[in-house]
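Shown next, in structure tokens, is the structure this report addresses.
Since every read-out is calculated from the coordinates, none of them should be taken as a lab result. Note that the structure is a prediction, hence the values are computed from the model and not measured. Don't worry about glycine lacking a Cβ; one is built from the backbone with ideal geometry, like all the others, and counts go over all protein chains shown.
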Amino acid sequence: MTTRRLLTALAAALALVLAPTAAVADRGHEGGASPLLRQTTLGPVLGVDDRRGTGTYSWLGIPYAEPPVDDLRWRATVPHRPWSTVLDADEYGDGCAQPGRFFSPSPDGPHYDLEVRDGLRQPVGEEDCLTLNVFRPSTAAKRLPVVVFVHGGSNVVGYAADPMYDGRALAEAAGAVVVTVNYRLGLFGWFDGVRADTGDPLTDSGNFGLLDQIEALRFVGDNARAFGGDPGNVTIMGESAGAVNVWALMVAPDARGLFDKAVPMSGGMSTTPPATARAYAANLAAAAAEEAGLSGPEAGAPLLEAMSADDLVALALRHGLDATPAVIADGAVVPADPYAALGDGSLRDVPVLAGNTTEEGKLFGSLVGAHRPSDYDRFTMQYEFDPDRPTGVTVEDLLVDRYLPVDAPGGWNEVSDELTELVFMGIAERSMDTLQDSGNRSVYYYQFAWDNEPAPFDDVYGAVHAMDLPFVFGNFDRNVFSYAFSEANEPGRLALSDRMAGALRQFIRTGSPQTPAIPVRWGQWPASVVFDADDRRVRITAGRFG
């Protein structure tokens, strides 16, 4: 521990001793206790004062579960042991172990920079990663709504410290406590192993990533008041795989009572049969055995348990097994028939605000060989692109000739629309139909259509998958979409971001996203509200799904 951190911890510990324990969480500005020092059920945490920046307090890297390492690898989540000394909650925790992709952390830590490209298709992150982050307005307000955000990344990659998910601006705009969560990913998070059943249905489920999220929700329920939040008003929100997980949490028996609203963005109910998950585990074990000169998954299973996290990820990459099956319909953590559970009426009182971007499929050009440069070069081009001086990159530099012109028959627009429909719209429609048919009369839907990037990215990506995240979170600084945000389009996009945050603020309080700033009636699904803007003005219109 550095001298500064040691002195900070000692000072905070002294403050904790001098202040009555029960009052630490609630006195805020009223007494002598620091508003940054909060007493959780696991122990005291000291946060970060960002009043001069975004008007918020933050607590970063709070461990909510025991590190899932050694004997706890591929085991059900274990709540973290309590601590007695003050925990400095001023740095994000490591991202979870994963194969490096565009939305992965940098190889040198849980942050986004040009070095992310050096981790592409390499092991990054750490196995010891089960932390969460808390953001709230720097006021003495209590009983604030709570938003728990689950990041996306195909349930294989991603990390809560991604700058898109910085919760400070959203906490202030929505007047809420915002929580972002790390959870186990890929072969660590979704793995129905080849060893004999343990007798523990949670461990045997293989749904370790979802169990982590449930444990994080338990921590939130136990500690919302410590951060000025209302444990009776918790909204789960997630994007992409995070939205898939939100739908799974809605039907997971162990998550009942831990939330009362849901915001799944660009995802629907989607699960993996246990047989598929077991086949994946057997294939990975067989690959380990083959490399050791052995044969069969039974010989490889103990080898997997003995490998380091990096070696496991590298093994999966070498054998093309990095795309792990996720959200296993095991019958214990996730119902064997999740759509039946979604439609049984038990969720009729859970308001849902779902949405999609209008050009989701444009993020997935690699699936159809659309990208001309390698991922390494494409990442570099996008990172170094200056949206205020949009020169030097053309659509021909980014897309292969087969998909040009983009608006021709069989061009990129048509092909990416097919990807959007194939990957996203079917599960979104089925999920919301099922929920509405169960008697839920609070199912709302939005479409995000902003495609006002500088050329050529308006054609290459447009209203691409995940582009709505910076608008909801209010984060337009350096992130994977920085190429899109210019000084010219700033007035329109900031106004659009304000409308979207306002709709979320209203939804988490009332169960309806309708606000006076939304100039159209926001009807029930399949009606929708379409969010868009040009350089100067917001364009919000009424629409329908599709």
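Numbers for the structure displayed
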| read-out | value |
| --- | --- |
| Space enclosed by the convex hull of the alpha-carbon atoms of segment 231-298, per residue, Å³ | 122 Å³ |
| Fully extended contour minus Cα-Cα distance, from residue 401 to residue 291, at 0.36 nm per residue | 35.6 nm |
| Cβ crowding within 10 Å averaged over residues, with 377-384, 310-317, 404-411 ranked highest first | 310-317, 377-384, 404-411 |
| Neighbour-count order for 203, 324, fewest beta carbons within 10 angstrom listed first | 203, 324 |
| Segment 260-395 pair-distance distribution - Cα-Cα, 5 Å bins, rounded % | 2, 8, 10, 12, 12, 12, 13, 12, 10, 6, 2, 0 |
| Rough spin-label spacing in nm, given labels placed 7 Å along Cα→Cβ, for residue 337 and residue 114 | 5.6 nm |
| Top positive-direction residue, dipole computed over the chain with Cβ charges, set 383, 122, 165 | 165 |
| Distance between segment 282-346 and segment 383-439 - C-alpha centres, whole angstrom | 30 Å |
| Check: the chain dipole with +1 on Lys, Arg Cβ and -1 on Asp, Glu Cβ, in debye | 2020 debye |
| Simple spin-label estimate for residue 222 and residue 389 in nanometres, 7 Å along Cα-Cβ | 5.4 nm |
| Charge dipole (the chain, unit charges on Cβ, about Cα centre) - positive-most of 194, 528, 462 | 528 |
| Gain in span if fully extended, residue 197 to residue 521, counting 0.36 nm per residue against the direct Cα distance | 111.4 nm |
| J(HN,Hα) series, segment 290-295, from Karplus relation 6.51 cos²θ - 1.76 cosθ + 1.60, nearest Hz, glycine and proline x | 4, 5, 8, x, 10, 9 |
| Backbone HN-Hα couplings from phi across segment 407-423 [Karplus 6.51/-1.76/1.60, Hz, Gly and Pro as x] | 9, 7, x, x, x, 4, 4, 5, 5, 5, 4, 5, 5, 4, 5, 5, 8 |
| Residue exposure sequence - 482, 58 - by fewest surrounding Cβ within 10 Å | 482, 58 |
| Estimated vicinal HN-Hα couplings, Hz - segment 69-83 in sequence order (Karplus 6.51, -1.76, 1.60; Gly, Pro = x) | 10, 6, 5, 9, 5, 6, 10, 4, 4, 10, x, 5, 5, x, 10 |
| Hydrodynamic radius (Kirkwood) for segment 145-257, which is based on Cα pairs only, to one decimal in Å | 14.7 Å |
| Three-way shape call for segment 354-544 based on the alpha-carbon gyration tensor, with the a/c threshold at 1.5 | oblate |
| Measure of compaction for the chain (Cα Rg per 2.2 N^0.38 Å) | 0.95 |
